[in-house]
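Asks: I'd like to ask you about the structure that follows.
Please treat every number below as a calculation from the coordinates, not as lab data. All values derive from a computational prediction rather than experimental measurement. Cβ sites come from the backbone with ideal geometry, for glycine too, and all protein chains shown count toward neighbours.
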Amino acid sequence: MNISTDGALVLFSGGQDSTTCLAWALSRYSKVETIGFDYGQRHAIELTVRPTLLQKMRGYSEDWQQKLGEDHMIDLSLISQLSHTAMTEDIEIVMQENGLPNTFVPGRNLMFMMVAATLAYRRGLNVLVGGMCETDFSGYPDCRDDTMKALQVALNLGMATRLKLETPLMWIDKAQTWELAQDLGGEALVNLIRSDTHTCYLGERGQLHDWGHGCGKCPACELRARGYQQFAEKIRNNKIAKE
């Protein structure tokens, strides 16, 4: 694979998707930095696992060690002050009348990308990488491909730049996300994502399931667990076919 000389800024939360996106960026770009956001999220444990994850990603290979640069943590607590959601308050996760779960935080990804673009401008980075997905998600409108394409146009017009927004998970499901991690970093990366990333909306870090830590009941855990089961089944079937 040819390595681009472009510099990438990865929106890195410490979850499965953003860790896979970080590996994806490290396999493609010569310089990679990360940005994380503290927005008063209920599952703030993800902010705790980020430093260890980044350290382990740097130690994965000499190539990744050289490419992975600074990490930037941004305070966006303004989001929790403006919103009333199950992602920012200790309330039950339910579906709303508009068809969206109350884990949807209006404007969150739009603000994330805007702030990331501002930082990328200052840091001389011309690619933003995010884990937004339209295939296997909770229906959030700010995760859709049309939203990201429109945002790319708006950012470039408003900042007179040529930023490119990359969303490598946009058209794949969670099983394929596990498979992508394996393709990028083998079993070692899959195991790192299993044991060290955090996805659970409720912030549960107790038991380590075959698919990772989590409550196993919230939408994020259900997606992750189902995807891992499908991925593992495919691995088993491939092994049987080769025997």
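Asks: When a footprinting reagent is the concern and you count Cβ atoms within 10 Å, what order do Ile235, Ile172 take, fewest first? Please report the intermediate quantities before stating the final value.
Replies: Details: Ile235 15, Ile172 18.
With the fewest neighbours first, Ile235, Ile172 line up as Ile235, Ile172.
Asks: Counting each DSSP H run of 4 or more residues in the chain as -39500 (n - 2.57), what helix-only mean residue ellipticity at 222 nm follows after dividing by all residues, to the nearest 500 deg cm²/dmol?
Replies: On the way: 8 runs with 114 residues, N = 243.
The per-residue figure over the chain is -15000 deg cm²/dmol.
Asks: While we're on this one: Note the count of lysine pairs whose C-alpha atoms are less than 29 angstrom apart in the chain, limited to pairs 8 or more residues apart or on different chains.
Replies: Counting lysine pairs in the chain gives 23.
Asks: While we're on this one: What residues from segment 5-47 fall in the zone where the backbone N is under 12 Å from a label point 7 Å along the Cα-to-C-beta line of Tyr121?
Replies: Answer for segment 5-47: none.
Asks: May I ask you to evaluate 6.51 cos²θ - 1.76 cosθ + 1.60, the Karplus curve with θ = phi - 60°, for each residue of segment 48-58 and list the ³J(HN,Hα) values in order in whole Hz, giving x for glycine and proline?
Replies: Coupling constants for segment 48-58: 6, 7, 4, x, 5, 4, 4, 4, 5, 5, 5 Hz.
Asks: Now for a separate question. Which Cα, out of Leu9, Ser30, His72, lies furthest along the positive dipole direction of the chain (beta carbon charges, K/R +1, D/E -1)?
Replies: Farthest along the dipole direction, towards plus: Ser30.
Asks: Further question on the same structure: Using label points projected 7 Å from each Cα along Cα→Cβ, tell me how many nm separate Asp63 and Arg226, to one decimal.
Replies: The two pseudo-label positions are separated by 3.4 nm.
Asks: What is the magnitude of the charge dipole of the chain about its Cα centre, with +1 placed on the Cβ of each Lys and Arg, -1 on the Cβ of each Asp and Glu, and no other charges, expressed in debye to the nearest 20?
Replies: I would put it at about 480 debye.
Asks: Between segment 18-43 and segment 219-243, how far is it from one alpha carbon centroid to the other, in angstrom?
Replies: 25 Å
Asks: When the chain is treated as a GNM, springs tying every alpha-carbon pair under 10 Å, which of Thr34, Thr177, Thr147 comes out with the largest mean-square fluctuation?
Replies: Of the options given, Thr147 has the highest mean-square fluctuation.
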